[in-house]
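Peer 1: Take this structure first; my questions come after.
The values are calculated or read from the model by the stated rules, or taken from the named source; none is laboratory data. From a predicted model like this one, the values you see are computed outputs, not experimental measurements. Here the Cβ is made from the backbone with ideal geometry for all residues, glycine too, and neighbour counts use every protein chain on show. Surface areas here come from the heavy atoms of the whole protein model, side chains and all, with no ligands, DNA or RNA. Shrake-Rupley method; radii C 1.70, N 1.55, O 1.52, S 1.80 Å.
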Amino acid sequence: MLIAEKLFTTNVDPDLDDRTIKFDPEVMRELAKTDRLISFQMKTLGDDDRSLEAIYNSEILDDSLYEELYQQAAFKLKCKS
């Protein structure tokens, strides 16, 4: 696995390799609709992909609750399309 892939991919459960999450700016925008911290950070840092990736790396990765919320937002976004 490339170093960049390790930075942007994490396992929700180390025993379940098929449950990996990856950065997606659209999922971050969807999550910001329901999460006030993410929404505030987007207002402060900006809505561009680079800022969203920084928020993703600092808040979502290695936080089991946020990883679960991120997966729920991804599923919700997938159901919309």
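Peer 1: Quick one: is PHE40 at pLDDT 95 or above and open to solvent by 70 Å² or more (accessible area, probe 1.4 Å)?
Peer 2: Values: at pLDDT 95 or above: yes; open to solvent by 70 Å² or more (accessible area, probe 1.4 Å): yes.
Criteria met by PHE40.
Peer 1: Consider region 21-35. How many of its residues are open to solvent by 20 Å² or more (accessible area, probe 1.4 Å) and either touching a Ser or Thr at 6+ places or on another chain (Cβ under 9 Å) or farther than 12 Å from LEU69 by Cβ (or both)?
Peer 2: Looking only at region 21-35, we keep the residues that are open to solvent by 20 Å² or more (accessible area, probe 1.4 Å), and these are 22-26, 29, 33-35.
Filter once more, so that each one left must be either touching a Ser or Thr at 6+ places or on another chain (Cβ under 9 Å) or farther than 12 Å from LEU69 by Cβ (or both): 22-26, 29, 33.
Residues flagged as open to solvent by 20 Å² or more (accessible area, probe 1.4 Å) and either touching a Ser or Thr at 6+ places or on another chain (Cβ under 9 Å) or farther than 12 Å from LEU69 by Cβ (or both) within region 21-35 amount to 7.
Peer 1: In addition: Considering only residues that are outside any loop (DSSP other than H, G, I, E, B) and touching a residue at least 24 places away in the same chain (Cβ under 8 Å), which ones fall in region 41-65?
Peer 2: Looking only at region 41-65, we keep the residues that are outside any loop (DSSP other than H, G, I, E, B), and these are 41-45, 49-60, 64-65.
Result: ASP49, LEU52, GLU53, ILE55, TYR56, ASN57, ILE60, SER64.
Peer 1: Can you tell me which residue is least open to solvent (accessible area, probe 1.4 Å) among those in region 66-79 that are more than 11 Å from the chain's Cα centre (by Cα) and free of Cβ contacts under 8 Å to residues at least 12 places away in the same chain?
Peer 2: Step one: list which residues in region 66-79 are more than 11 Å from the chain's Cα centre (by Cα), which gives 75-79.
Checking which are free of Cβ contacts under 8 Å to residues at least 12 places away in the same chain leaves us with 75, 78-79.
Numbers: PHE75: 140, LYS78: 150, CYS79: 82 Å².
Checked region 66-79; the qualifying residue least open to solvent (accessible area, probe 1.4 Å) is CYS79.
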